[in-house]
Amino acid sequence: MSTENHFYNHKKQDPKWQKQWLKDETYKTAQKSTKKKMYVLDMFPYPSGAGLHVGHPRGYIASDVFARMKRMQGYNVLHPMGYDAFGLPAEQYAVKHKVHPRKAVEVNVKTFERQLGSIGLSFDWSRKINTTDPEYYKWTQWIFLKLYDSWYDTKKNKARPIKELIEILSKKKEWKTYTKKEKEDILMGYRLAYQGYSEVNWCPGLGTVLANDEIVDGKSERGGFPVEKKIMRQWFMRITAYADRLLSGLDGLDWPEAIKTIQRNWIGKSEGHEVTFKVVGSIVEDASIVVYTTRLDTLNGVTFMAVSKNHPLAGAYFDQTKEWLDDHTGEKKGILIAGVHAIHPDSKKQIPIYVTNYVLSTYGTGAVMGVPDMDERDYAFAEKYKIEVTKVNFENADIVAKRIKANATSTYKMRDAVFARQRYWGEPIPLRHNADGTITPLKASELPLMLPNVKSYEPTGTGESPLAAIKSWVKEGYETNTMPGWSSSSWYFLRYMDPTNTKAVTSPAAVKMWKQVDVYVGGAEHATGHLLYARFWNKFLYDIGIAVTEEPFKKFRNQGMILGPDNRKMSKSWGNVINPDECIDTYGTDAFRMYEMFIGPFDSSMPWSTESIIGSRRFVDRVWRLHEKILAQSKTVKSTVKVQSLLHKTIKKVTDDIENFNFNTVVSAYMILLNGIEEESISQSDFEAFIVLIAPFAISISEEIWKNFGHTTSVHLAAWPTYNAKKVVEESVTIGIQVNGKLRGEISVTSEEEEKDVIEKALAIIAQHIEGKSVKKTIYVKGKIISVVIA
RNA sequence: GGGCAAGUGGCGGAAUUGGUAUACGCGCUAGUCUUAGGAACUAGUUCUUCACGGAUUGAGGGUUCGAGUCCCUCCUUGCCCACCA
């Protein structure tokens, strides 16, 4: 006899069922339904050339298990997948292999689809989206135009059309006296998408802009070329207008506290005061410095002023401060502005003013009051430049504010987001630059503005996008920057609701039906990027009546990273990358999915163990053998009381744990139940409940067994078992007996027994430990413990 | 420098509101079936001790009948932000 029958043949069953589910449209989402809705979403992947390693599917499997349980509980589940395919890697691939980035994307998407398919994820593939598809980025451009055409009304606390601002402004007399360009410049200061200038780290050697963490000791990390500051034209998103709403919106979200904290810190709201110091000795008449402080109560300790190099008062000192620009030593330096003094509002004393390298021009007012007695950094600076130190007499900030007329204000650390990349492979920004310096946005009917073909995807070396090298593009006056990677991912969750709509971002009916993402799953590394930008765009889309909820993601869970077996981050350079294809080939989809979830708590990082996965495979084989036994057993076999109790406990635990994303304990609960069944006996109907219970994890073996028991519809559409509290109650439980906190014995008690009887029996059991002492106190916690105190 | 997590066997980890710490799995040990083998089966496996017993959740202290869980001090590791006034 071959061993074939006693092992589950995953190589045959996995592909068979995967084909069948596609054919039967088992996981298709109903566009109309009377069922309750459930929108379960994964962060869509960037389809990289390397394909998936075993870390990637962890989140997908978790959300898939969750979606499957919800589907079986009778929800109409929306569980889609797509690709976020614009971005640098595809462009670099194109540069290297001299092919269009679209080609790279096509090939990579194919690899991803095959891998996601072999993991058996229950996506409704008919809703697939790809951000590089013109039918998709048309709407990304459309939203950009809406942002360009909006301003933020701080009184109504929402975005409004720019034409309403023009109406307000045109009531002022001087508005008519402005030129078209001047009017545009004023409006640019209000638009939610606006053009501006920012200082960037420019590396002439690489011909590219670098992020702060790509610079080591003033040189580029890659190549070691010198880096300098350069002012560049950019597009920005006025996310700061939404700072307060982004902050307060966090309170109502079911997100990990750690992620909420990161966002709160990133927004960085602080409450303080703006204090005006009069300035004497300046050539500017009635000059003054406004500082922002959170410690107005220390005002009488102020002995100097520190301003940033960009502060108006520092203007004349620019040449001297220039050398600081490339100073990465972190040493605090200052230059005294000779002959100019600030006047302390209380003492009227003249205090010195320094241009410094440590005051940020982008935070607060770009000027700081120095209180050396109070602040260590101020003290260090005062000591270095021999500045007087005055002892602080703390005074109530509100009283000080009233006396010197300081305004209470809030300040945020968050800055407006740069919304431009000097790259080819991104969405074109749908605007024309006119000869007079004004801008004409494209009409909605002109969208999509298609990305043109170029001869070379190489960076131009001037910092401009390759689009700047296309004559016809430039001749039309089109913007040569493209949108950043986060543009298309900031609204894609709305597109899945109605992915083929040609008339709108998504139809009002679809938004009304799906509202928002109920459960979102993805990596914690997006805390201050995607997760913040998406909230911002969604709030804007809510303001203009497209989204129906202010927040896009009601519940969010983030998966921990899976490390290599050597406890290091998986990467080619360490040679510790584990490929899911090989695991699935050896152990099967079911064992792979179970192990991915069993490996540890969903949100913590853990190393992959090539040895441990065998445990999940053994589970699958044991279930297979057990099903053979049940098929052969008499139909009259009943479950023992213990098995029944265990089954219902497991139903409760599995249901609760999947709901709470405690997947590792779900798998151990399955194993405990299986151990219990193997020791005793189980009826066929109870065993079928067990099969339904494991179906979200072990997707194909459960389907095959379900079929073998004579069912003709999919186990994945079967009703989720419900827990019966009556069946859980066990006749008696064994509890411990403690004497002075130490465990000294145990006793079996029934739920009906009276407390005094139980204690009497317990005292008899531990009599030897009491000998010669008196019992001072006894505590009986029903079903838990008996505690005896002796002295 | 600031903020946030987390420290439990050889390993991954479990432990509802404080209530029998070490579930479940890997590995390991012994045995069974086998010509052989294991990705099979059975039994055992926190440490210490021949045993009775004793000890144990990073270290130390506290609250409590009872602490992995709560409080204080310290140590270690990881993550995020970082000249933020």
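The values are calculated or read from the model by the stated rules, or taken from the named source; none is laboratory data. Computed from a predicted structure; not experimentally measured. A quick note on method: Cβ atoms are made from the backbone with ideal geometry, for glycine too, and the neighbour counts reach across all protein chains shown. Heads up: the accessible areas ignore ligands, DNA and RNA and are worked out on the full protein's heavy atoms, side chains in. Shrake-Rupley method; radii C 1.70, N 1.55, O 1.52, S 1.80 Å.
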Using modelled backbone amide H atoms (1.01 Å from N, in-plane), which distant-in-sequence or interchain residues come within less than 5 Å of A:ILE215's amide H?
A:GLU221
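In region A:154-211, what trypsin sites (Lys or Arg not before Pro) fall in a loop by DSSP, with at most 15 other Cβ atoms inside 10 Å?
Here the sparse-neighbourhood loop sites are A:LYS155, A:LYS156, A:LYS171, A:LYS172.
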Round to a whole number: what % of the accessible area of chain A belongs to carbon and sulfur, probe 1.4 Å?
53 percent
Would you mind computing Rg(Cα) / (2.2 N^0.38 Å) for region A:190-273, counting N as its residues?
1.49
If packing is taken as the average number of other Cβ atoms within 10 Å across a peptide's residues, how do A:508-514, A:519-525, A:19-25 rank, most packed first?
A:519-525, A:508-514, A:19-25
How big is region A:198-332 by Rg and Dmax over its Cα atoms, in Å?
20.0, 56
Could you do me a favour and compute the accessible area per residue for chain A, 1.4 Å probe, result in Å²?
48 Å²
Is there a quick way to get the dipole size of region A:455-529? I mean about its Cα centre, with the Cβ of Lys and Arg at +1 and of Asp and Glu at -1; what is the value in debye to the nearest 20?
320 debye
In sequence order, what are the phi-derived ³J(HN,Hα) couplings for region A:443-448 according to the Karplus relation 6.51 cos²θ - 1.76 cosθ + 1.60 with θ = phi - 60°, rounded to whole Hz, with x for glycine and proline?
7, 4, 5, 8, 8, x
Percent antiparallel among DSSP beta bridges confined to region A:463-621, nearest 5, equals 10 percent
Just name one of A:VAL368, A:ALA382, A:ILE404: the one whose Cα is farthest towards the positive end of the charge dipole of region A:367-414 (beta-carbon charges, Lys/Arg +1, Asp/Glu -1).
A:ILE404
Distance (nanometres) between label positions extended 7 Å along Cα→Cβ at A:ASP621 and A:ASP585
2.0 nm
Separation of region A:535-611 and region A:213-249 by C-alpha centroid, Å?
28 Å
Per residue of chain A, what 222 nm ellipticity follows from adding -39500 (n - 2.57) for every DSSP H run with n ≥ 4, rounded to the nearest 500?
-10500 deg cm²/dmol
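A:GLU184: net charge of surrounding residues, Cβ under 12 Å, Lys/Arg +1, Asp/Glu -1, itself excluded? Write out the running numbers ahead of the final one.
Details: positive: A:LYS180, A:LYS181, A:LYS183, A:ARG191; negative: A:GLU182, A:ASP185, A:ASP436.
Combined, the nearby Lys, Arg, Asp and Glu give +1.
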If every Lys and Arg gets +1 and every Asp and Glu gets -1 at its Cβ, then about the Cα centre chain A yields a dipole, in debye to the nearest 20, of 1720 debye
Output the pairs from A:LYS638/A:LYS707; A:LYS155/A:LYS260; A:LYS638/A:LYS756; A:LYS229/A:LYS443; A:LYS471/A:LYS572 with a Cα-Cα distance over 29 Å in this structure; if there are none, say none.
A:LYS638/A:LYS756; A:LYS229/A:LYS443; A:LYS471/A:LYS572
Per-residue SASA entry for A:LYS384, accessible area with 1.4 Å probe, Å² rounded to 10
90 Å²
Within the under-13-Å Cβ sphere about A:TRP473, not counting A:TRP473, Lys/Arg +1 and Asp/Glu -1 give a net charge of +1
So for region A:64-191, taking the charge dipole from beta-carbon charges (+1 Lys/Arg, -1 Asp/Glu), which of A:ALA90, A:LEU147, A:GLN115 sits furthest toward the positive end?
A:LEU147
Given N residues in chain A, what is Rg(Cα) / (2.2 N^0.38 Å)?
1.20
Which helices of chain A meet both criteria: a Cα extent of 24 Å or more along the helical axis and a mean Kyte-Doolittle score no lower than 1.0, with helices taken as whole DSSP H segments?
none
Report, for chain A, the % of DSSP beta bridges that are antiparallel, rounded to 5.
75 percent
Directionally averaged projected area (convex hull, Cα atoms, region A:1-115), nm²
10.8 nm²
Please name whichever of A:MET671, A:GLN633, A:ASN660 sits farthest to the positive end of the charge dipole of region A:555-671, dipole taken about the Cα centre and charges placed at Cβ: Lys and Arg +1, Asp and Glu -1.
A:GLN633
Going through the cross-link list A:LYS515/A:LYS555; A:LYS652/A:LYS742; A:LYS652/A:LYS726; A:LYS158/A:LYS180; A:LYS348/A:LYS402; A:LYS28/A:LYS128, which pairs have a Cα-Cα distance over 21 Å in this structure?
A:LYS652/A:LYS742; A:LYS158/A:LYS180
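Summing Lys, Arg as +1 and Asp, Glu as -1, what charge do residues with Cβ under 11 Å from the Cβ of A:THR132 carry, A:THR132 excluded?
With Lys, Arg at +1 and Asp, Glu at -1, the neighbours total -4.
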